[in-house]
Amino acid sequence: MNEEFLYIVLIIALGYVLKRIGILQEKDGETISKIIFKITLPALVLVTFDTVEIELNLILIPIIVLVYGIIISVLGMVIYKNEEKELKGSFLMMSSGFNVGLFAFPLVFAIWGIDGLTYFSIFDVGTSLIVFGISYILGSYFSEEGLSLKPISIVKKLTKSIPLMTYLIASTLNLSHIKLPEILINVASTISQANMPLCLLLLGLYLNFKFEKQFLKPMFKFLTFRYGVGLLIGVTLFFLLPYEDMFRYTVLIGLLLPVASSVIPFAVEFKYSNESIRLIATVTNITILVSIVILYVFANLI
């Protein structure tokens, strides 16, 4: 397992080095992320759901994620009630969502293989609903222009999420015991092999170790809140849930994953200030590093 993590860290480092020496730039990450979210990740989901059997109790995982998203958002409103409006919106957007597809999948596959991906794919269904629902609404509400959303616009965003739609279709086919044509699965399997290296390179490409001093206090407050609540609820559910180990591992680790990658695009869409966007980017990088350490420690304990 240490060797697997070494490979992962080296690929992330490669992405960072390629950026530093000018071979790649952060703007190239937009193209890579589109390839991941629209091609390699959906392919991986199709292959994963075609090769395993989904148990009905897994439906509880996205429900847990949704309830958690509501709880931490309500708590966040109390914790950040005295913060400036846009800062409050930034923290609330970052509090509830998780980076599953880009960050967790490569590490989970290294630890648990295809079975682990199944559980975290189900977890990501709940995450997608939170990100395009709760996080999006809160980010819009605390923007300078204020809330200007209609339910139909949120539904449209959900239906335009290719990974979410792939999750829903693939899980429905799985539960209905409907198999996709073998040639389609073989092609998807070949494409899906590019998902892990692309995800890790993208993480390295977006890594930034420049921290502005004025962000230190709000960042520390946010990180304490996010990981404190996630750890408290995750550990509690780990010991209370009457399900198999992989189910409980998914909930515990899932609640400690990094900030969702969609928060920065949301902040840009809602016309947040450059200062807020830099803060979000910095916090996102820190949560990636923290979560890598958490997963590394966890992988060596189980």
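Placing unit charges on the Cβ atoms only, positive for Lys and Arg and negative for Asp and Glu, gives segment 8-104 a dipole magnitude near 340 debye about its Cα centre. Considering only I11, L223, S171, the residue lying farthest towards the positive end of the dipole of the chain is L223, judged by Cα position with unit charges set on Cβ. Helix 41-51: angle to the longest alpha-carbon principal axis of the chain, degrees 0 to 90, nearest 10? Roughly 40 degrees between the two axes.
Once a ≥ b ≥ c are taken as the square roots of the eigenvalues of the Cα gyration tensor of segment 133-291, is the result rounded (a/c under 1.5), prolate (a/b larger than b/c) or oblate (a/b not larger than b/c)? In terms of gyration-tensor shape, prolate.
Phi-derived couplings, Karplus 6.51 cos²θ - 1.76 cosθ + 1.60 at θ = phi - 60°, listed residue by residue for segment 11-25: 5, 4, 4, 4, x, 5, 5, 4, 5, 5, 8, x, 5, 10, 10 Hz, with x used for Gly and Pro.
The amide H of A260, built 1.01 Å from its N in the peptide plane, has G97, F98, N99 as neighbours under 5 Å, considering only residues 5 or more places off or on other chains. Can you give me the C-alpha center-to-center distance between segment 90-124 and segment 179-211, rounded to a whole angstrom? That distance is 13 Å. Quick check: from the Cα gyration tensor, does segment 3-101 come out rounded (a/c under 1.5), prolate or oblate? Since a/c reaches 1.5 but b/c is at least a/b, the shape of segment 3-101 is classed as oblate. Rolling a 1.4 Å probe over the protein heavy atoms of the chain, with every protein chain left in place, gives an accessible area that is 68 percent carbon and sulfur. Computed about the Cα centre, the dipole magnitude for the chain is approximately 880 debye when only Lys and Arg (+1) and Asp and Glu (-1) carry charge, each at its Cβ.
Helical runs assigned H by DSSP (4 residues or longer) give the chain a calculated mean residue ellipticity at 222 nm of -23000 deg cm²/dmol, each run adding -39500 (n - 2.57) before division by the residue total. So for the chain, taking the charge dipole from beta-carbon charges (+1 Lys/Arg, -1 Asp/Glu), which of F98, A299, I277 sits furthest toward the positive end? Farthest towards the positive pole: I277. Working from Cα pairs under 8 Å separated by at least six residues, relative contact order for the chain is 31 percent. Of L58, L107, L117, the residue with the greatest mean-square motion in the GNM of the chain, using alpha carbon springs below 10 Å, is L58. Between the C-alpha center of segment 232-247 and that of segment 3-82 there is a gap of 21 Å. In the context of the full set of protein chains, residues of the chain present 48 Å² of accessible surface per residue (probe radius 1.4 Å, heavy atoms only). Selection among A267, I233, L56 by position relative to the dipole of the chain gives A267 as farthest towards the positive end (Cβ unit charges, Cα centre).
Straightening the chain between F239 and E3 buys 82.0 nm, computed as 0.36 nm per residue apart minus the Cα-Cα spacing.
The values are calculated or read from the model by the stated rules, or taken from the named source; none is laboratory data. This one's a predicted model, so the numbers in the text were calculated from it and none came from an experiment. Using ideal geometry, Cβ is built from the backbone for each residue, glycine included, and neighbour counts are taken over all protein chains shown. For the accessible areas, the whole protein counts, side chains as well, though only heavy atoms, and no ligand, DNA or RNA atoms are used. Shrake-Rupley method; radii C 1.70, N 1.55, O 1.52, S 1.80 Å.
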